[in-house]
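A.B. asks: Shown below is the structure under consideration.
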Amino acid sequence: MGEGIKERLKGLSVFSRLRIQVSHGSIIAFAALVVILFVAFTVRIIPLRWENLSGGTSLLNEFDPYYQFSITQHMVQNGLLSPYWPTHWVNMMKWYPAGLDMSTSLPALPMTAAALYQFVSLFGAKIDLMTFCAIVPAFIAVISCTILYLIGKDMGGKAVGLLSALFLALAPSFLQRSSLGFFDTEVPGVLGLVLFIFLFLRSLDSKRSLRASLLYSLGSAAALAYFIAGWGAAYYLIDLSVLFVFVLVLLKRYTPRMLVNYSLTFGLALFIGTKVPYVSLGYSVSGAILPVAAVFVVLIVSEILRNNISMKTKLSLVIAGLVVIVGGISILALTDKLGGVTGKFVTVLDPFIRAASPLVNSVAEQRIAAWGNIYIEFGIGILFFLMGLYFVMRNPTNRNIFLILFAATALYFAASMIRLLVLFAPVFAIIAAIGIIGILKPFFTLLQEAPKTLAKSKRRMARVSKEYSGVAVFIIFMILVTNLAFSPQTGGMPRAIEQAYIPTAISASSLPLGGSGLNAPVGAWLDAVGWMKTNVQSTNAVVMWWDYGNWLSDLGNVTSLADNTTENATQIANVGFIFMGNETQSMQMLSAYGQNHVKYIAVFTVLKITQQSSTTYTASPAGYGDEGKWVWMARISGQDEPRLLQEGFMTPSTAWTNENTFGSTNAQTNAWVWNDQGLNCTVFELMNQAEVQYCNTISTGQSFTITPDQTTTVPTYFQVAHIAGVDAAPNAYGNLIPLVAIYSINWAQYDADHGITPPSS
């Protein structure tokens, strides 16, 4: 009797009920995924080696992230809705004198970071906000890789999922835009992209219950709304999904569930998305969103056509549907209710528009990608992608049709704009993974076969076949290792790994430095913004080219005239004119912004030190600072030549439309040669003055001399206030010397020379 009770108690054991059967394959797959995610996170935070973590702050990367940080900081201090409600926050330290309306920004990233920061702070974690924002992209990238694993698993099993996650984790374009400090819109963008794809495709899966399908639709709607609130590329994802559904209808794969899920997903997503302050209701009637309504009408017609009705009725319904679609668009257009498509989206569809705009084309990441860019990005993995595309096209399931459309459109967008390689990275990862598994599958099948005890010749053939299969598997493995670890396409360290060894842009002073040879930050820019923060009042404007505007306002705590938000193209042209005009013209334009506030002007130049003999060196422009960007100053300001002539800033004798007015390229040496107008333009004088002062400072008391490659007149109205980097040794960073030269504006001298009565303070 006692034994029976014991057996019954044993059967009621909690552990016996919770016993979980886990296969060895699942354990291996889970362990592999953990390793991949660990690698994904680690390579993204390696640049921490250059940051001061002993009570200091980890800086952000590039320029735009500081704009996002300023919004996040405002939200942490004043509430998540504070930039938008109850009044718009206008940041007067940006775009002087009008200021910058910060409510014209997408809220997903700053809101996410601010909410997470406040959540972490509840548990007593003491971490600097900028450091927290610098690390957030790495965490979100890990989540994105995890979701891509789930998408790949749905597409082709665990092996495809694991390889997809690995390829995305090490994709150079995605790694660059999710590494330490890259706190920008692509971070929530890629997360929203992969999350929507995962949930939307599951919602359309006919094998799932109606309840599960509806839940996935709700989730995909939330993911799409987050994407709309986080990245301007939401137009692309919406139209891709609409195109996918339309293609399924054309292929006669319509199901009633498709209408329900489509309506729920896009209806709810657009309802939430249009409540975002910056997006607003006008988003729903923009040209890129109207296909959502058009395909909705198509789905309704398809549902009606499922019924047993006459051909005449079917034809009438089709015509009625077309009339509704065309008529609706026409009415919106005629009543001026049809919203336009944002400029950047149009320029991606037609990249030749960008070629005609110096302002847009001046940004390297917005230029058209060459095939060489794509090869350097993906390397030999392109072959696996092509094979994967073959396997996908051979098996046209609904999911594979989506992959084909995703690959074709994303590849076009990536070729149109280098920046959008990050949009192509997820689909490349999935299709390349499918290609590898598709190639390896027959070899693995052959290796797993038991040896057949037939004739001697048969056994020999089986043994030889297995040996060849093993060799094939080994070759593919070595190709992958080579591509991920040695990068034959660049002849050295792969971009994915090299990216992890590059410090943040300001910590490297925008120099192309990286690798284990750099053991400390390059101090020029850090010194410059530190000097401004200490010596310049926050209400004083420092005039600099628009690339550096966010560094000035958010790190230097001074007012700037322009930054990367490109809020005012006219003002950017004015700044370009200030630098390309002679001193008198520059001062005339500067005075239009007010002598009481515009106190400083600054340039960033990089010198290349060339050894001529054992004791003599020559300094010349390297091309990484304003000595390379002045061309865009000339082109952008030159595009406004008619306005500047009309306003009296340009004169007919000194007017320009591009850089050719300031010199020409030597046909033999391919070097730029300044003419008299170029030698006397403000940007050259300021850069040259910094170059001369560096050469004089370093040569003093040394056994060697450094001479500038050329000299010009000393500026009359711009006096050196501080030159950051002027004491760097010639070999401190190879042969490159970054200098940030800050000049105070001598308004008293200018007023005296031109008989101007100084304005009252």
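A.B. asks: Taking ASN540, is it within 19 Å of PHE718 (Cα to Cα), touching a Lys or Arg at 6+ places or on another chain (Cβ under 6 Å) and surrounded by fewer than 24 Cβ atoms within 10 Å (Cβ to Cβ)? Outline the logic, then answer.
C.D. replies: Values: within 19 Å of PHE718 (Cα to Cα): yes; touching a Lys or Arg at 6+ places or on another chain (Cβ under 6 Å): yes; surrounded by fewer than 24 Cβ atoms within 10 Å (Cβ to Cβ): yes.
When the stated conditions are applied, ASN540 passes them.
A.B. asks: Under 7 Å by Cβ, and 6 or more places apart or on different chains, what pairs join a residue from the range 55-77 that is on the phi > 0 side of the Ramachandran plot with one that is buried (at least 19 other Cβ atoms within 10 Å of the Cβ) and not acidic (Asp, Glu)?
C.D. replies: GLU62/PHE182; GLU62/ALA505
Yes/no matrix, rows are residues, columns are (1) modelled with pLDDT under 95; (2) in contact with an Asp or Glu (Cβ under 6 Å, 6 or more places away or on another chain); (3) closer than 22 Å to ASP205 by Cα:
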{"residue": "GLY379", "(1), (2), (3)": "yes, no, no"}
{"residue": "LEU386", "(1), (2), (3)": "yes, no, no"}
{"residue": "ARG394", "(1), (2), (3)": "yes, no, yes"}
{"residue": "LEU403", "(1), (2), (3)": "no, no, yes"}
{"residue": "LEU411", "(1), (2), (3)": "yes, no, no"}
{"residue": "LEU421", "(1), (2), (3)": "yes, yes, no"}
{"residue": "PRO426", "(1), (2), (3)": "no, no, yes"}
{"residue": "ILE431", "(1), (2), (3)": "no, no, yes"}
{"residue": "PHE443", "(1), (2), (3)": "yes, no, no"}
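A.B. asks: Looking at the range 23-32, can you tell me whether even one residue there is more than 30 Å from LEU150 (Cα to Cα), touching a residue at least 24 places away in the same chain (Cβ under 8 Å) and in contact with a helix residue (DSSP H, G or I) (Cβ under 6 Å, 6 or more places away or on another chain)?
C.D. replies: Applying the first criterion (more than 30 Å from LEU150 (Cα to Cα)) to the range 23-32 yields none.
Scanning the range 23-32, I find no residue that is more than 30 Å from LEU150 (Cα to Cα), touching a residue at least 24 places away in the same chain (Cβ under 8 Å) and in contact with a helix residue (DSSP H, G or I) (Cβ under 6 Å, 6 or more places away or on another chain), so the answer is no.
A.B. asks: When residues of the range 225-234 are filtered for being under 19 Å from the mean Cα position of the chain (by Cα) and assigned to a helix (DSSP H, G or I), how many remain?
C.D. replies: At the first step, the residues of the range 225-234 found to be under 19 Å from the mean Cα position of the chain (by Cα) are 226-234.
Imposing the further condition that a residue be assigned to a helix (DSSP H, G or I) reduces the set to 226-228, 234.
So the answer is 4.
A.B. asks: Taking PHE271 as meeting all but one of (1) of a type outside the set (Lys, Arg); (2) crowded, with 16+ Cβ neighbours inside 10 Å; (3) at pLDDT 75 or above, write down the number of the exception.
C.D. replies: Single failed check for PHE271: (2).
A.B. asks: So for the range 182-202 (the condition being surrounded by fewer than 24 Cβ atoms within 10 Å (Cβ to Cβ), of a type in the set (Gly, Ala, Ser) and modelled with pLDDT of 90 or more), does at least one residue qualify?
C.D. replies: No, the range 182-202 contains no residue that is surrounded by fewer than 24 Cβ atoms within 10 Å (Cβ to Cβ), of a type in the set (Gly, Ala, Ser) and modelled with pLDDT of 90 or more.
A.B. asks: Another one. Tally the residues that are over 22 Å from ASP554 (Cβ atoms) and hydroxyl-bearing (Ser, Thr, Tyr), restricting the search to the range 97-154.
C.D. replies: Looking only at that region, the number is 3.
A.B. asks: Can you name the helices (runs of 4 or more DSSP H) wholly within the range 645-761 that have at least 3 residues being within 34 Å of the chain's Cα centre (by Cα) and buried (at least 17 other Cβ atoms within 10 Å of the Cβ)? Can you show your working first?
C.D. replies: Values: elements: 676-679, 682-699, 747-754.
Output list reads 682-699.
A.B. asks: Name the one entry in LEU168, LEU163, LEU109 that is at pLDDT 90 or above and touching a Cys at 6+ places or on another chain (Cβ under 6 Å).
C.D. replies: Details: LEU163 fails: touching a Cys at 6+ places or on another chain (Cβ under 6 Å); LEU109 fails: touching a Cys at 6+ places or on another chain (Cβ under 6 Å).
Among LEU168, LEU163, LEU109, only LEU168 is at pLDDT 90 or above and touching a Cys at 6+ places or on another chain (Cβ under 6 Å).
A.B. asks: Filter the range 118-157 for residues that are of a type in the set (Phe, Trp, Tyr) and surrounded by 20 or more Cβ atoms within 10 Å (Cβ to Cβ) and give the result. Steps first, please.
C.D. replies: In the first step, residues of the range 118-157 are kept if they are of a type in the set (Phe, Trp, Tyr); the result is 119, 123, 132, 139, 149.
Across the range 118-157, the qualifying residues are PHE132, TYR149.
A.B. asks: OK, next. From the list ASN564, ASN596, which residue is touching a Gly at 6+ places or on another chain (Cβ under 7 Å), surrounded by fewer than 24 Cβ atoms within 10 Å (Cβ to Cβ), in a loop (DSSP other than H, G, I, E, B) and not hydroxyl-bearing (Ser, Thr, Tyr)?
C.D. replies: On the way: ASN596 fails: touching a Gly at 6+ places or on another chain (Cβ under 7 Å).
Going through ASN564, ASN596 in turn, the sole match is ASN564.
A.B. asks: Considering only the range 235-271, state which residues are among the basic types (Lys, Arg) and assigned to a helix (DSSP H, G or I).
C.D. replies: As a first pass, look at the range 235-271 and keep what is among the basic types (Lys, Arg): 252-253, 257.
Matches in the range 235-271: ARG257 only.
A.B. asks: Check ALA721 against each of (1) among the small types (Gly, Ala, Ser); (2) modelled with pLDDT under 95; (3) out of contact with any Leu (no Cβ under 8 Å at 6 or more places or on another chain) and name the one condition it does not meet.
C.D. replies: Against the list (1) among the small types (Gly, Ala, Ser); (2) modelled with pLDDT under 95; (3) out of contact with any Leu (no Cβ under 8 Å at 6 or more places or on another chain), ALA721 comes up short only on (2).
A.B. asks: Can you tell me which residue in the range 19-45 is nearest to the chain's Cα centre (by Cα), limited to those that are surrounded by 10 or more Cβ atoms within 10 Å (Cβ to Cβ) and modelled with pLDDT under 85?
C.D. replies: SER26
A.B. asks: Mind checking which pairs have a first residue in the range 260-276 that is over 19 Å from ILE300 (Cα atoms) and a second that is modelled with pLDDT of 90 or more and crowded, with 22+ Cβ neighbours inside 10 Å, Cβ under 6 Å, 6 or more apart or different chains?
C.D. replies: ALA269/ALA221; ALA269/LEU224; ALA269/ALA225; ILE272/ALA225; GLY273/ALA225; GLY273/ILE228; VAL276/ALA229
A.B. asks: Continuing with this model, one more query. Quick one: would you say ILE578 is buried (at least 21 other Cβ atoms within 10 Å of the Cβ) and in a helix (DSSP H, G or I)? Please lay out each step first, then the result.
C.D. replies: Values: buried (at least 21 other Cβ atoms within 10 Å of the Cβ): yes; in a helix (DSSP H, G or I): yes.
Taking the combined requirement at face value, the residue satisfies it.
A.B. asks: Also, quick follow-up: Here's a check for you: in the range 733-761, which residue that is among the aromatic types (Phe, Trp, Tyr) and in contact with a helix residue (DSSP H, G or I) (Cβ under 9 Å, 6 or more places away or on another chain) is farthest from THR534 (Cα to Cα)? Let's see the steps before the verdict.
C.D. replies: Filtering the range 733-761 for residues among the aromatic types (Phe, Trp, Tyr) gives 733, 743, 747, 750.
Going one step further and asking which of them are in contact with a helix residue (DSSP H, G or I) (Cβ under 9 Å, 6 or more places away or on another chain), we end up with 743, 747, 750.
On the way: TYR743: 15, TRP747: 22, TYR750: 26 Å.
Here the answer is TYR750.
A.B. asks: Now a separate question. Would you be able to say whether some residue in the range 637-649 is under 28 Å from SER510 (Cα atoms) and among the hydroxyl-bearing types (Ser, Thr, Tyr)? It would help to see each step written out before you state the result.
C.D. replies: Pass one, the range 637-649, residues under 28 Å from SER510 (Cα atoms): 637-639.
Narrowing the set further to residues that are among the hydroxyl-bearing types (Ser, Thr, Tyr) leaves 637.
Yes, there is a match, as at least one residue in the range 637-649 is under 28 Å from SER510 (Cα atoms) and among the hydroxyl-bearing types (Ser, Thr, Tyr).
A.B. asks: Among the residues of the range 159-173, is there at least one that is under 20 Å from the mean Cα position of the chain (by Cα), surrounded by fewer than 23 Cβ atoms within 10 Å (Cβ to Cβ) and more than 19 Å from LEU403 (Cβ to Cβ)?
C.D. replies: Yes, the range 159-173 contains at least one residue that is under 20 Å from the mean Cα position of the chain (by Cα), surrounded by fewer than 23 Cβ atoms within 10 Å (Cβ to Cβ) and more than 19 Å from LEU403 (Cβ to Cβ).
A.B. asks: If I ask for residues that are over 12 Å from ASP709 (Cβ atoms) and in a strand (DSSP E or B), which ones from the range 600-622 would you list? Outline the logic, then answer.
C.D. replies: In the first step, residues of the range 600-622 are kept if they are over 12 Å from ASP709 (Cβ atoms); the result is 600-606, 611, 613-616.
Selection gives TYR600, ILE601, ALA602, VAL603, PHE604, THR605, VAL606, GLN611, THR616.
A.B. asks: Could you list, in sequence order, the residues of the range 175-208 that are assigned to a loop (DSSP other than H, G, I, E, B) and of a type in the set (S, T, N, Q)?
C.D. replies: Our first condition is that a residue be assigned to a loop (DSSP other than H, G, I, E, B); within the range 175-208, this holds for 177-185, 204-208.
Once the filter is applied, which keeps residues that are assigned to a loop (DSSP other than H, G, I, E, B) and of a type in the set (S, T, N, Q), the range 175-208 yields SER178, SER179, THR185, SER206.
A.B. asks: With (1) surrounded by fewer than 19 Cβ atoms within 10 Å (Cβ to Cβ); (2) closer than 26 Å to THR146 by Cβ as the list, and THR72 as the residue in question, which single condition is left unmet?
C.D. replies: Going through the list (1) surrounded by fewer than 19 Cβ atoms within 10 Å (Cβ to Cβ); (2) closer than 26 Å to THR146 by Cβ, THR72 breaks only (1).
The values are calculated or read from the model by the stated rules, or taken from the named source; none is laboratory data. Here the structure is a predicted model, which is why all the values come from computation and not from measurement. Virtual Cβ from ideal backbone geometry, glycine too; neighbours counted across all protein chains shown.
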